[in-house]
Amino acid sequence: MKQTITKSDKNLKILNKLIVNGFYNGSVGTEKFELMRNRFPNNHRIIGIVNDRGNYDLKFDFKSPMNILAKVLLGLGILTIIASLIKGNWILPIALTIFGLIFFADFKLKEKKEINRLTDKILEFHKSEYE
């Protein structure tokens, strides 16, 4: 299930406040926003794109140079696994597959953690307006 944020003027102001207050770096527009958590090191970003229903669908991925590197390494890993299996070597494909699964699981855990952190910050700003 995809996480979504309702597109409203109030939420756009809150997203801008998150940037102004130093929680995130990035840009906020009416059709799309891109936020990176303000910490070092940080190679991830959260992207919100407006869907058909007028809500922001949240996506999580790597920042620009890192996402290209991840795709290249994935391709090289698959080619290495195929070449090793053709040669009859089973140890390298098993090791690369286990490493890839660990990397994928770590990425998915970070995705869930960062999206939850963003939605919690948005809820904090919503609550602070009513107090």
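The values are calculated or read from the model by the stated rules, or taken from the named source; none is laboratory data. Since the model is a prediction, treat every value here as computed from it, not as a measurement. With ideal geometry, Cβ positions are generated from the backbone for all residues, glycine too; neighbour counts draw on all protein chains shown. Please note that ligands, DNA and RNA were not included when accessible areas were found on the heavy atoms of the full protein model with its side chains. Shrake-Rupley method; radii C 1.70, N 1.55, O 1.52, S 1.80 Å.
Restricting to the range 2-45, and then to whatever is of a type in the set (A, V, I, L, M, F, W, C) and in a loop (DSSP other than H, G, I, E, B), can you tell me which residue is modelled with the lowest pLDDT? Per the stated criteria, the residue is Phe40. Comparison of Gly75, Gly48 shows that the only residue that is surrounded by 13 or more Cβ atoms within 10 Å (Cβ to Cβ) and at pLDDT 90 or above is Gly48. Exactly one residue out of Ile78, Ile46 is out of contact with any Pro (no Cβ under 6 Å at 6 or more places or on another chain), over 22 Å from Lys112 (Cα atoms) and of a type in the set (Val, Ile, Thr), and it is Ile78.
When Phe23 is tested against (1) surrounded by 15 or more Cβ atoms within 10 Å (Cβ to Cβ); (2) within 14 Å of the chain's Cα centre (by Cα); (3) in contact (Cβ under 8 Å) with a residue 40 or more places away in the chain, only condition (2) is not met. Just one of the listed residues (Thr80, Thr97) is over 30 Å from Phe125 (Cα atoms), open to solvent by less than 60 Å² (accessible area, probe 1.4 Å), out of contact with any Ser or Thr (no Cβ under 9 Å at 6 or more places or on another chain) and assigned to a helix (DSSP H, G or I), namely Thr80.
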